Amino acid sequence: MNLYVVLCGVFHLSAVIQSAAVTQDIGVISVNVGDSVTLHCFYNSQVAMHFSWYQQTLGGRPELLSSVYKHEKQSKVFPWMEKNLRFSVKREEGMNNLHIADAQFSDSATYFCGSSHSNIVEFGVGVFLSVKGTNHKKVVQGPVSETIKPGGSVTLNCTVHTGSCEEEHSVNWFRQETGQGILYVHENKSNHVRTAGSPSQGCVYHLQKTNLSSSDAGTYYCAVASCGEVLFGNGSKVLVQADVEDHMEQMRILVWLSIIRIGLIFFFVTICFLVYISELG
């Protein structure tokens, strides 16, 4: 085996390993009842053979919606999806999208896209789909943004305007880090203060975070299960002061790593080309 084959083979293997991750929509996607929405999922792997979608409702476990083998044209759908014809999957090379038509309150959930090869399963970070009604029920969060020193504390508010609905609320708190999916944080069903004297009566829920560190930074969302639907707030962004400096340092490191990577790629391509030319001579 000559040097040209070895170098180019190693370079190709490195590219395959680096491109195996699944990427999908992240954060919160909000639509109104009756709208259509497409949840995107992309992959760039030559070894992945199976592609799937999972749905996880608040307080529930992940449920497999669909699965397709790479060389099959049609996705195999599972019992839940067979009963919900509003859901469909479109798969092409490098893409596996989930389409939802005529969105309903019951569609509010976290959706995960996955791919697998051999005994390895990879998942996207997940996206939360929030389906909203046309009534006056809403969730307001505050503060919009807060910068805290390490070791400090912050109290986040979630005001639920429910109109005439008096159903018991289940309030769930989630945190989203930059570029990451939503992580479950806390649930509170009773720590609230009822407001009155206005047309839009509601309840205020609090989430208190103390002794903050860099791992607590992110955007916090409250999700309220009320009257058969899930209401999502617009989020409260929490910044830990040290993170601002750390973020700048990380950006500088990423820039240098990108420059080094481009240089290495150029070096290997040049070596492969020179060896190839020398063998032709």
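The values are calculated or read from the model by the stated rules, or taken from the named source; none is laboratory data. Just so it is clear, the model here is predicted, and its values are computed rather than measured. Ideal geometry is used to build each Cβ from the backbone, glycine not excepted, and the neighbour counts take in all protein chains shown.
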Taking the range 148-178 as the search range and keeping residues that are among the polar types (S, T, N, Q) and at pLDDT 90 or above, which one is nearest to Gly27 (Cα to Cα)? Asn157
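Table: residues versus (1) touching a strand residue (DSSP E or B) at 6+ places or on another chain (Cβ under 8 Å); (2) of a type outside the set (Ser, Thr, Tyr); (3) surrounded by 13 or more Cβ atoms within 10 Å (Cβ to Cβ); (4) modelled with pLDDT of 85 or more.
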position: Lys138; (1), (2), (3), (4): yes, yes, yes, no
position: Gln141; (1), (2), (3), (4): yes, yes, yes, yes
position: Glu146; (1), (2), (3), (4): yes, yes, yes, yes
position: Gly197; (1), (2), (3), (4): no, yes, no, no
position: Gly202; (1), (2), (3), (4): yes, yes, yes, no
From the options Val127, Val89, residue that is in contact with a strand residue (DSSP E or B) (Cβ under 7 Å, 6 or more places away or on another chain) and over 28 Å from Trp173 (Cα atoms): Val89
Counting only residues that are in a loop (DSSP other than H, G, I, E, B) and under 18 Å from Thr110 (Cβ atoms), the range 44-58 contains a total of 2
So, in the range 59-83, of the ones that are modelled with pLDDT of 80 or more and not in a strand (DSSP E or B), which residue ends up surrounded by the most Cβ atoms within 10 Å (Cβ to Cβ)? Pro62
What's the number of the condition Val193 fails, among (1) at pLDDT 70 or above; (2) of a type in the set (A, V, I, L, M, F, W, C); (3) assigned to a strand (DSSP E or B)? (1)
Suppose we keep only residues that are more than 14 Å from Ala225 (Cβ to Cβ) and aliphatic (A, V, I, L, M) within the range 101-136. Which one would you say is surrounded by the fewest Cβ atoms within 10 Å (Cβ to Cβ)? Ile120
